[in-house]
1. Is there a residue in the range 7-17 that is assigned to a strand (DSSP E or B), modelled with pLDDT of 90 or more and in contact with a Pro (Cβ under 7 Å, 6 or more places away or on another chain)?
2. Which numbered condition in (1) in a helix (DSSP H, G or I); (2) at pLDDT below 90; (3) under 14 Å from VAL80 (Cβ atoms) is the only one that ARG20 fails?
3. Being exposed (fewer than 11 other Cβ atoms within 10 Å of the Cβ), modelled with pLDDT under 70 and either farther than 21 Å from THR17 by Cα or under 12 Å from the mean Cα position of the chain (by Cα) (or both) is true for just one of GLN76, GLN94. Which residue is that?
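The values are calculated or read from the model by the stated rules, or taken from the named source; none is laboratory data. Nothing here was measured: the structure is a model prediction, and the numbers come from that model. Counting neighbours? That spans all protein chains shown, and the Cβs are built from the backbone with ideal geometry, glycine included.
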Amino acid sequence: MWMEKIRHGVLQVSSDTGTRYVSPRLLDRIRLVWTFRNFTVLPEEVLSPQVQHVIDELCQHTKRESRTTMYLSDHQNQVVIGVVEKGTITPWMQAAAKKACGSVSATGRLATSSARQ
């Protein structure tokens, strides 16, 4: 399955405006297979800046089509490397994550109001 993803894999990019299937270059497919090795769906925000840039470039050069049309026409035998969800983390979710991370000190322990002696 890994070899099929590397040789012929496509990336599904889902957003509020629709779904795209993009065909990355070989080196980008290898990087994406590694990125999605333990996950099938990832929000764009957790990807590295380099991978985000690759996805943005691919999306700029790919027209948007419906999932059914795309699969039935061009990518009938293609394997999906993974699914990127764009715009899924809302600002309130980001604020909650920052607040939760702010309560952890640099040593990895929870910050408390009173220091232990």
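1. Scanning the range 7-17 turns up at least one residue that is assigned to a strand (DSSP E or B), modelled with pLDDT of 90 or more and in contact with a Pro (Cβ under 7 Å, 6 or more places away or on another chain).
2. (1)
3. Values: GLN94 fails: exposed (fewer than 11 other Cβ atoms within 10 Å of the Cβ).
Unique residue meeting the criteria: GLN76.
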